[in-house]
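Peer 1: Have a look at this one.
The values are calculated or read from the model by the stated rules, or taken from the named source; none is laboratory data. Quick caveat, the model's predicted, so the values are computed rather than measured. We place every Cβ from the backbone using ideal geometry, glycine too, and count neighbours over all the protein chains shown.
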Amino acid sequence: MAAATSVWRQPSILPGFGIALGITLSALSLIVLVPLVALALKAASAGPADIWAVTTSPRTLAALRLSFLGALFAACINAVFGMILAWVLVRYDFPGRRFIDAAVDLPFALPTAVAGIALAAIYAPNGWVGSLLAPYGIKIAYTPLGVMVALIFVGLPFVVRTVQPVLQEMQADVEEAAALLGAGRWRTIFTVILPPIYPALLTGFVLAFARAVGEYGSVIFIAGNVPMVSEIAPLLIVIRLEQFDYAGAAVVAMLMLLISFGLILFVNLIQARARRRFGDV
Amino acid sequence: MSDAALPQFRTDTAQKRDTRRIRGEGVVVQAVLIAVSLAFLALFLLLPLVSVFVEAGARGWTAYKAAVTEPDAVAAIHLTLLVAGIAVPFNVVVGIAAAWAIAKFEFRGKNLLISLIDLPFSVSPVISGLVFVLLFGAQGYFGAWLKANDVQIVFALPGLVLATVFVTFPFVARELIPHMQSLGSADEEAALTLGASGWRTFLTITLPNVKWSLFYGVLLCNARAMGEFGAVAVVSGKIRGLTNTMPLHVEILYNEYMSAAAFAVASLLAGLALVTLALKTLLEWRYSDSIAASRRH
Amino acid sequence: MSVAVTIESIEKRFDAFAALRGVSLDIQPAELVALLGPSGSGKTTLLRLIAGLEQADQGRVLFGETDMRDLSLRDRRIGFVFQHYALFRTMTVGENVAFGLKSRPRAQRPEPAEIRKRVGDLLELVQLPGLDKRYPSQLSGGQRQRVALARALAIEPRVLLLDEPFGALDAKVRKDLRAWLRDLHRRTGHTTVFVTHDQEEALELADRVAILNDGRIEQVGSADDVYDHPATPFVCEFLGEVNKLPVKVVGSQAFFGDRPVLGGLSQNQGGQAALYVRPQHLRIVDDLPLALPGVVEHLRRNGPLRRAEVAVQGLAKRLDVDLASQVAPAIGERIRLRITHGSLFAAA
């Protein structure tokens, strides 16, 4: 790497490019890339027939459906409430605002296993929230609803934290311009203030979604893990692994990765298009 | 031009309605939105956090103390500290190297490199553990060779460290890259023209410039390293007293219906989370201008 | 279309800072008025008050006979061009211009076809025909500025307000747009108020200039008025370069030391005063009464003019003198200067 030539990089008087890039690439390859390639190889080694069988088995499909639809649902909830939260935190002043602002990051800091057992305890039929809902026949813990609750928890900060800075930097003058041109407050909000926020909102949505799709720790305690009903895809990988079905585990893992990467790529393309058109967002 | 065209009406509220409505919502709308936000946070964040401490104390102080001082719990605490103690410094070194290469130089494939560094963020923790089992497990690519040479990676400390490093790989680089990029290279160039060596320039100029975002990155990296569950669950084998980290210990206790003990150990992790949050918030308040704007994790 | 604007003893504070302290100004229908002043003088605050973007603590703003506060923002119909344009970046140029029309209540809203036609006409007017499908990020600074103007004109404003309309543009574009705006105003005849810190821009463009300093209006008048007959030393200094001479007025003459330098003073004020003289109001003369002797110390070329710095005995600062380019004294030459025009202010 130290021999990187000028075709590959622009000259600089700063030293250390070779060693810095060398460390980065070595670590990246050993820790991230080689293992992921091994995963792809293992999945491929299963052979077309087995791959097809694993992919189309009802249990796999049910687990993938729950993970992706659950993540989608949770990301939608987080998009709506995250947007409101970001708006409230940026625009309004109320006692405890800074405390609330700091608390939003809790899901980043709280270990998922801790969140998992805490959510399970609260939303169980005899828990603080669960016992309020039980008389109405609503069960959250140990059902797909419980999965959603956990996924909402882990994805909550993403939308707030991506939308907040954009909302903060928004200049007052466009709002004033809209008001002087005769637009009412709601029209101003929906046609002038929110559209420039959408790319950030989309980014937050995708981050929350990607996180929720792969989430394991906070879900398994509250999900009940009933095959075909409340069993998420990452858990299915663990189960396959415990049965020493390495290839099966690898196939499910590859499916998850491919779908996730495809979605992320798609969203990045939308973002790039928006950036070209509207300037920096 | 006639003034007759101007509507002639006067309302008592006209004046109030005036400027405040240009940039704000009515008091009622504000109150509703604030209430909705608080309710949402209470339901999904605050309540779980509070419940951890309430459940942990449910059986009283003695039970709590017993739960966190029994040998398996102590072993889990030691193991967690050990794993984080190896994984975090490793990621600090790699993160600094990556940030130096990416922020200070222009080279082809830079955006690809950034994307690859971020890759672990979009990989399920379970998959992060799985890949190492596939490589080093009994039936893995290197399984036979490792067994022949009597090296244990999976279901042992090296596996836990590898999985943790994988999961926390982007944290330090993520915070450093945007900050270093925004600072540019002028300071370093000045130091070099004044005769400082490259190493000295890095230690006396670059590192102090980015120390707060480095600390910020370390903080987040450490929180994730100590709290990681899915990835280590797959590679650990969950041998009590040997390969059980704190989060895994919580799981085992919980599954054995030792709820109070599980929450007691969990409360230690929750305490760690609160300390992390407090430090993080403090950093953001005091050094917000010197920590880069990018706050995605 | 246009309407008179009357500003009555406006006071405005921001916390401890008094932004405006008793400002009154009458603006005639179809007049083009500049609010000129250094930063912090309160000119932008005054403009935002006229627009209703700020509320006065005291005083009121009348549109014709109507107190502005009795009108909703929409009914005020104020065309406001923001300093940084405030274009809606997620809307095309055409959508930006159409925004005000589309925001009207349904009953008053023109048909879509009518809106399209109006947008086309306005873009024609601001010389940007055919750019309606572009986004603001794809335009140059000067083009954005004209889109902002078209957007403001679309609501058929009673009053057009412009905040530093050329502030963010480079020198060449500024000059072009200045002439163009003057022409546009002549054709459309909106009552127009614009804020600037550039005295040249204000003098060239406005029918009348209001000079603000420290929250007060120092003087209002035509360009000739304020330039040639400044009411205060501040106005005199702010509008252009000026030499200051301490003088003593006796009878109808002003004396520098014991030498008479300016005669024919009508007002018999007497005593110590400061005489403010612009560089172009000093002329090299042969020995005549009322002349000031001095020595040429520096010569510089200044565009079509020649700038001489002349040392005068008894004066610490050299006098700046603008000479026609063919008049060329040598450095070190002893000359005599005659003051052709000056403003006299009583010594503080």
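Peer 1: Among the helices (runs of 4 or more DSSP H) lying completely within the range B:187-246, list those that include at least 3 residues that are closer than 30 Å to B:Val68 by Cβ.
Peer 2: Working: elements: B:198-201, B:211-227, B:230-236.
Of the helices (runs of 4 or more DSSP H) lying wholly inside the range B:187-246, those with at least 3 residues that are closer than 30 Å to B:Val68 by Cβ span B:211-227, B:230-236.
Peer 1: What are the residues in the range C:192-220 that are within 16 Å of C:Glu237 (Cα to Cα) and small (Gly, Ala, Ser), if any?
Peer 2: If the condition is that a residue be within 16 Å of C:Glu237 (Cα to Cα) and small (Gly, Ala, Ser), then C:Ala202, C:Ala210 are the ones that fit.
Peer 1: Collect the residues in the range B:118-130 that are touching a helix residue (DSSP H, G or I) at 6+ places or on another chain (Cβ under 6 Å) and buried (at least 24 other Cβ atoms within 10 Å of the Cβ), keeping them in residue-number order.
Peer 2: B:Ser124, B:Pro125, B:Val126, B:Ile127, B:Ser128, B:Gly129, B:Leu130
Peer 1: Test each condition in (1) more than 29 Å from C:Glu309 (Cβ to Cβ); (2) surrounded by fewer than 21 Cβ atoms within 10 Å (Cβ to Cβ) for C:Val242 and report the one that comes out false.
Peer 2: (1)
Each row is one residue, and each column tells you yes or no for (1) farther than 22 Å from C:Tyr85 by Cβ; (2) surrounded by fewer than 18 Cβ atoms within 10 Å (Cβ to Cβ); (3) in contact with a helix residue (DSSP H, G or I) (Cβ under 6 Å, 6 or more places away or on another chain); (4) of a type in the set (A, V, I, L, M).
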residue	(1), (2), (3), (4)
C:Lys175	no, yes, no, no
C:Leu212	yes, no, yes, yes
C:Glu218	yes, no, yes, no
C:Asp224	yes, yes, no, no
C:Cys236	yes, no, no, no
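Peer 1: OK, next. Scan the range C:232-269 for residues that are at pLDDT 90 or above, of a type outside the set (Val, Ile, Thr) and touching a Ser or Thr at 6+ places or on another chain (Cβ under 9 Å) and jot them down.
Peer 2: C:Pro233, C:Cys236
Peer 1: Restricting to helices (runs of 4 or more DSSP H) lying wholly in the range A:34-136: which have 1 or more residues that are more than 27 Å from B:Ala278 (Cα to Cα) and away from chain B (no Cβ under 13 Å)?
Peer 2: Details: elements: A:34-45, A:47-56, A:58-91, A:97-103, A:106-109, A:112-123, A:130-133.
In the range A:34-136, the matching helices (runs of 4 or more DSSP H) lie at A:47-56, A:58-91.
Peer 1: Answer with yes or no whether C:Arg307 is under 33 Å from the mean Cα position of the chain (by Cα), surrounded by 12 or more Cβ atoms within 10 Å (Cβ to Cβ) and either of a type in the set (Lys, Arg) or under 26 Å from C:Gln219 (Cα atoms) (or both).
Peer 2: Answer is yes for this residue.
So that you can scan it fast, the table gives a plain yes or no per residue for (1) more than 11 Å from chain C (Cβ to nearest Cβ); (2) of a type outside the set (Lys, Arg):
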site: A:Tyr142; (1), (2): yes, yes
site: A:Gly146; (1), (2): yes, yes
site: A:Ala150; (1), (2): yes, yes
site: A:Gly155; (1), (2): yes, yes
site: A:Val166; (1), (2): yes, yes
site: A:Ala179; (1), (2): no, yes
site: A:Gly182; (1), (2): no, yes
site: A:Arg187; (1), (2): no, no
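Peer 1: Of all residues being of a type in the set (Asp, Glu) and either in contact with a His (Cβ under 7 Å, 6 or more places away or on another chain) or assigned to a loop (DSSP other than H, G, I, E, B) (or both) in the range C:163-186, which is nearest to C:Val33 (Cα to Cα)? Just the residue, please. Steps first, please.
Peer 2: Here is the first cut: in the range C:163-186, the ones of a type in the set (Asp, Glu) are C:163-164, C:170, C:176, C:183.
Add one more test, that the residue is either in contact with a His (Cβ under 7 Å, 6 or more places away or on another chain) or assigned to a loop (DSSP other than H, G, I, E, B) (or both), and what stays is C:164, C:170.
Details: C:Glu164: 13, C:Asp170: 23 Å.
Here the residue is C:Glu164.
Peer 1: A follow-up question, please. Just one of the numbered conditions (1) out of contact with any Pro (no Cβ under 6 Å at 6 or more places or on another chain); (2) part of a helix (DSSP H, G or I) is not true of A:Val154; which one?
Peer 2: (1)
Peer 1: In addition: Got a number for residues in the range C:131-167 being touching a helix residue (DSSP H, G or I) at 6+ places or on another chain (Cβ under 7 Å) and among the polar types (S, T, N, Q)?
Peer 2: The number of residues fulfilling the criteria is 2.
Peer 1: Please indicate, with yes or no, whether at least one residue in the range B:133-140 is more than 10 Å from every other protein chain (Cβ to nearest Cβ) and part of a helix (DSSP H, G or I). Walk me through it before giving the result.
Peer 2: If we filter the range B:133-140 for residues that are more than 10 Å from every other protein chain (Cβ to nearest Cβ), which is where we start, we get none.
No, the range B:133-140 contains no residue that is more than 10 Å from every other protein chain (Cβ to nearest Cβ) and part of a helix (DSSP H, G or I).
Peer 1: Is the range A:96-109 home to any residue that is under 30 Å from B:Pro158 (Cα atoms), crowded, with 16+ Cβ neighbours inside 10 Å and of a type in the set (Gly, Ala, Ser)? Steps first, please.
Peer 2: So in the range A:96-109, the residues under 30 Å from B:Pro158 (Cα atoms) come out as A:106-109.
Cutting the leftovers down to crowded, with 16+ Cβ neighbours inside 10 Å gives us A:106-109.
If we keep only those that are of a type in the set (Gly, Ala, Ser) as well, we get A:109.
Checking the range A:96-109: at least one residue is under 30 Å from B:Pro158 (Cα atoms), crowded, with 16+ Cβ neighbours inside 10 Å and of a type in the set (Gly, Ala, Ser).
Residues checked against (1) within 27 Å of A:Pro15 (Cα to Cα); (2) out of contact with any Cys (no Cβ under 8 Å at 6 or more places or on another chain); (3) more than 10 Å from every other protein chain (Cβ to nearest Cβ); (4) free of Cβ contacts under 8 Å to residues at least 60 places away in the same chain:
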{"site": "B:Val74", "(1), (2), (3), (4)": "no, yes, yes, yes"}
{"site": "B:Ile77", "(1), (2), (3), (4)": "no, yes, yes, no"}
{"site": "B:Phe90", "(1), (2), (3), (4)": "yes, yes, no, no"}
{"site": "B:Ala98", "(1), (2), (3), (4)": "yes, yes, no, no"}
{"site": "B:Ala101", "(1), (2), (3), (4)": "yes, yes, no, yes"}
{"site": "B:Glu106", "(1), (2), (3), (4)": "yes, yes, no, yes"}
{"site": "B:Gly109", "(1), (2), (3), (4)": "yes, yes, no, yes"}
{"site": "B:Leu112", "(1), (2), (3), (4)": "yes, yes, yes, yes"}
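Peer 1: Evaluate the range C:7-26: report whether one residue or more is among the acidic types (Asp, Glu), within 14 Å of chain B (Cβ to nearest Cβ) and surrounded by 15 or more Cβ atoms within 10 Å (Cβ to Cβ).
Peer 2: First pass over the range C:7-26, keeping only residues among the acidic types (Asp, Glu): C:8, C:11, C:15, C:26.
With within 14 Å of chain B (Cβ to nearest Cβ) added as a condition, the list becomes none.
No - not one qualifying residue is present in the range C:7-26.
Peer 1: Going by the conditions given, is A:Ser218 of a type in the set (Ser, Thr, Tyr), assigned to a helix (DSSP H, G or I), surrounded by 22 or more Cβ atoms within 10 Å (Cβ to Cβ) and in contact (Cβ under 8 Å) with a residue 24 or more places away in the chain?
Peer 2: Values: of a type in the set (Ser, Thr, Tyr): yes; assigned to a helix (DSSP H, G or I): yes; surrounded by 22 or more Cβ atoms within 10 Å (Cβ to Cβ): yes; in contact (Cβ under 8 Å) with a residue 24 or more places away in the chain: yes.
Criteria met by A:Ser218.
Peer 1: Among the residues of the range B:173-180, is any surrounded by 16 or more Cβ atoms within 10 Å (Cβ to Cβ), in a loop (DSSP other than H, G, I, E, B), assigned by TED's automatic domain parsing to the domain that holds B:Pro120 and out of contact with any Phe, Trp or Tyr (no Cβ under 9 Å at 6 or more places or on another chain)?
Peer 2: Narrowing the range B:173-180 to residues surrounded by 16 or more Cβ atoms within 10 Å (Cβ to Cβ): B:173-180.
Subset that is in a loop (DSSP other than H, G, I, E, B): none.
No; the residues of the range B:173-180 include none that is surrounded by 16 or more Cβ atoms within 10 Å (Cβ to Cβ), in a loop (DSSP other than H, G, I, E, B), assigned by TED's automatic domain parsing to the domain that holds B:Pro120 and out of contact with any Phe, Trp or Tyr (no Cβ under 9 Å at 6 or more places or on another chain).
Peer 1: Moving on. If we keep just the residues of the range C:32-77 that are of a type in the set (A, V, I, L, M, F, W, C) and assigned to a loop (DSSP other than H, G, I, E, B), which is farthest from the other protein chains (Cβ to nearest Cβ)? I'd like the intermediate steps shown before the answer.
Peer 2: So the first thing to find is which residues in the range C:32-77 are of a type in the set (A, V, I, L, M, F, W, C), and the list is C:32-36, C:46-47, C:49-51, C:53, C:56, C:61-63, C:68, C:71, C:73.
Add one more test, that the residue is assigned to a loop (DSSP other than H, G, I, E, B), and what stays is C:53, C:56, C:71.
Details: C:Leu53: 5, C:Ala56: 10, C:Leu71: 7 Å.
Within the range C:32-77, the match that is farthest from the other protein chains (Cβ to nearest Cβ) is C:Ala56.
Peer 1: Right, here's the next one. Give just the number: which of (1) part of a helix (DSSP H, G or I); (2) away from chain A (no Cβ under 11 Å) does C:Ala98 not satisfy?
Peer 2: Unmet condition: (2).
Peer 1: Return yes when B:Gly230 is surrounded by 20 or more Cβ atoms within 10 Å (Cβ to Cβ) and at the interface with chain A (Cβ under 8 Å from one of its Cβ atoms) and no when it is not. Working first, answer last.
Peer 2: Working: surrounded by 20 or more Cβ atoms within 10 Å (Cβ to Cβ): yes; at the interface with chain A (Cβ under 8 Å from one of its Cβ atoms): yes.
Yes: the conditions hold for B:Gly230.
Peer 1: From (1) surrounded by fewer than 24 Cβ atoms within 10 Å (Cβ to Cβ); (2) within 7 Å of chain A (Cβ to nearest Cβ); (3) over 30 Å from A:Val252 (Cα atoms), pick out the condition that doesn't hold for B:Asn149.
Peer 2: Status for B:Asn149: all satisfied but (2).
Peer 1: Please find, among B:Ala163, B:Ala103, the residue that is of a type outside the set (Ser, Thr, Tyr), in a helix (DSSP H, G or I) and modelled with pLDDT of 95 or more.
Peer 2: Values: B:Ala103 fails: modelled with pLDDT of 95 or more.
On inspection, the qualifying residue turns out to be B:Ala163.
A quick yes/no check of all residues on (1) among the small types (Gly, Ala, Ser); (2) loosely packed, with under 14 Cβ neighbours inside 10 Å:
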{"position": "A:Ile23", "(1), (2)": "no, no"}
{"position": "A:Ser26", "(1), (2)": "yes, yes"}
{"position": "A:Leu41", "(1), (2)": "no, yes"}
{"position": "A:Pro48", "(1), (2)": "no, yes"}
{"position": "A:Leu66", "(1), (2)": "no, no"}
{"position": "A:Leu89", "(1), (2)": "no, no"}
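Peer 1: What is the number of the single condition among (1) at the interface with chain A (Cβ under 10 Å from one of its Cβ atoms); (2) farther than 30 Å from B:Arg286 by Cβ; (3) modelled with pLDDT under 95 that B:Gly195 does not meet?
Peer 2: Only one criterion in (1) at the interface with chain A (Cβ under 10 Å from one of its Cβ atoms); (2) farther than 30 Å from B:Arg286 by Cβ; (3) modelled with pLDDT under 95 is unmet by B:Gly195, namely (1).
Peer 1: Return the pair list, or none, for Cβ contacts closer than 9 Å from residues in the range A:15-38 that are closer than 19 Å to A:Met254 by Cα to residues that are part of a loop (DSSP other than H, G, I, E, B) and among the β-branched types (Val, Ile, Thr), at least 6 apart or on different chains.
Peer 2: Going by the 9 Å Cβ cut-off, the qualifying pairs are A:Val32/B:Val123; A:Leu36/B:Val123.
Peer 1: Can you find a residue in the range A:42-60 that is within 22 Å of the chain's Cα centre (by Cα) and modelled with pLDDT under 95?
Peer 2: So in the range A:42-60, the residues within 22 Å of the chain's Cα centre (by Cα) come out as A:60.
Keeping just the survivors that are modelled with pLDDT under 95 gives A:60.
Yes, there is a match, as at least one residue in the range A:42-60 is within 22 Å of the chain's Cα centre (by Cα) and modelled with pLDDT under 95.
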